[in-house]
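The values are calculated or read from the model by the stated rules, or taken from the named source; none is laboratory data. No experiment lies behind these values; they were computed from the predicted model shown. All Cβ positions, glycine included, derive from the backbone under ideal geometry; neighbour counts span all protein chains shown.
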Amino acid sequence: MTKIIAVTNQKGGVGKTTSAVNLAASLAALDRRVLMVDLDPQGHATMGSGVDKHNLDGSVLDVILGEKRPVEVILDCPEAGYALMPGNGDLTAAEVELLEREDGRERSLAQALGEVSNEYDVVLIDCPPSLNMLTVNALTASNGVLIPLQCEFYALEGLSALLDTVEQIKDSVNPSLEIYGILRTMFDSRNSLTRDVSKQLRDYFGDALLKTTIPRNVRVAEAPSHGLPVTKYARFSRGSQAHRVLAKELIRRLSL
Ligand code: ADP
Ligand code: MG
């Protein structure tokens, strides 16, 4: 069974895109068929996959609006090893168009992915840094959410709004939506605040707190400017290794 995973947190800069791209590449390297959906108008997952977001023939926007079929916009990213449904700044228009629709507006992405998801073992959706209609579409289309966060003082504060949104989606359009994991990114275990926040996360989330942490690593930050996942750009870096371990943890946990 295909698992559709929304990589989400309405806070920007917590490592959503980095986690989505490197996890996608790591799962692909372990022979999983992976589709990445770039649902953020910033198009960072698109660029980080080596695709020029300014030169797209079609994007996830066309798919959401029902103007193109998924197969018409999905690109192969041979270097990264996965398929990409690209996105760019045009997505800001989707927010408005979707809000104007009468019904089914939460389900647009779910319906579109329904056409192609069987072709993949895993679909990862890189969400925008907000709880808008695009994110609602992602949560409606997904089996579970992966929440990256940095272990800092304000990390937990924003989380309650996200968890409330997840609950609302469960109560309405997607009762089986799960929390697949809380992922600690840019992690520094020498920092005492990191340890305090980790303890709070463990107390609150229990098993949903993933064991794997992603260390802060300069190679991870450099990789997108080469249009590559870190697992290809700097294979033996700590950041690369951590993402491979993360992929294995999720494969076990979710039976991917
Ligand atoms: P988001 O998608 O949540 O906005 P990003 O994945 O774009 O966050 O990450 C924000 C910034 O932090 C980017 O510049 C990225 O390169 C950097 N970054 C993310 N993870 C790491 C890491 N493990 N080590 C070093 N830099 C990182
Ligand atoms: Mg991002």
Qualifying residue in the range 117-128 (condition: small (G, A, S), farther than 26 Å from R184 by Cα, assigned to a helix (DSSP H, G or I) and under 18 Å from the mean Cα position of the chain (by Cα)): yes
Residue list for the range 20-49, filter: crowded, with 22+ Cβ neighbours inside 10 Å, outside any helix (DSSP H, G or I) and of a type in the set (S, T, N, Q): S49
Those residues of the range 225-235 which are assigned to a helix (DSSP H, G or I), surrounded by 15 or more Cβ atoms within 10 Å (Cβ to Cβ), away from ligand 2 (no atom under 16 Å from the Cβ) and not hydroxyl-bearing (S, T, Y), in sequence order: K232
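Assess whether T17 counts as being within 9 Å of ligand 2 (Cβ to nearest atom), among the hydroxyl-bearing types (S, T, Y) and in a helix (DSSP H, G or I).
Values: within 9 Å of ligand 2 (Cβ to nearest atom): yes; among the hydroxyl-bearing types (S, T, Y): yes; in a helix (DSSP H, G or I): yes.
In short, yes.
Name the residue, out of L228, L193, that is within 23 Å of C151 (Cα to Cα) and touching a residue at least 40 places away in the same chain (Cβ under 8 Å).
On the way: L228 fails: within 23 Å of C151 (Cα to Cα).
The unique qualifying residue is L193.
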Odd one out for L39, checked against (1) within 16 Å of ligand 1 (Cβ to nearest atom); (2) free of Cβ contacts under 8 Å to residues at least 40 places away in the same chain: (2)
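A quick yes/no check of all residues on (1) out of contact with any Ser or Thr (no Cβ under 9 Å at 6 or more places or on another chain); (2) within 18 Å of L124 (Cβ to Cβ):
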{"residue": "K170", "(1), (2)": "no, no"}
{"residue": "I179", "(1), (2)": "yes, yes"}
{"residue": "L193", "(1), (2)": "yes, no"}
{"residue": "G206", "(1), (2)": "yes, no"}
{"residue": "K211", "(1), (2)": "yes, no"}
{"residue": "Y233", "(1), (2)": "no, no"}
{"residue": "H243", "(1), (2)": "no, yes"}
Among the candidates R238, R253, residue that is at pLDDT 95 or above, farther than 17 Å from G15 by Cα and either within 16 Å of ligand 2 (Cβ to nearest atom) or surrounded by fewer than 18 Cβ atoms within 10 Å (Cβ to Cβ) (or both): R253
Some residue of the range 50-64 being touching a helix residue (DSSP H, G or I) at 6+ places or on another chain (Cβ under 6 Å), closer than 26 Å to D103 by Cα, within 16 Å of ligand 1 (Cβ to nearest atom) and not in a helix (DSSP H, G or I): no
Tally of residues being modelled with pLDDT under 95 and either within 9 Å of R184 (Cα to Cα) or in a loop (DSSP other than H, G, I, E, B) (or both) across the range 199-224: 0
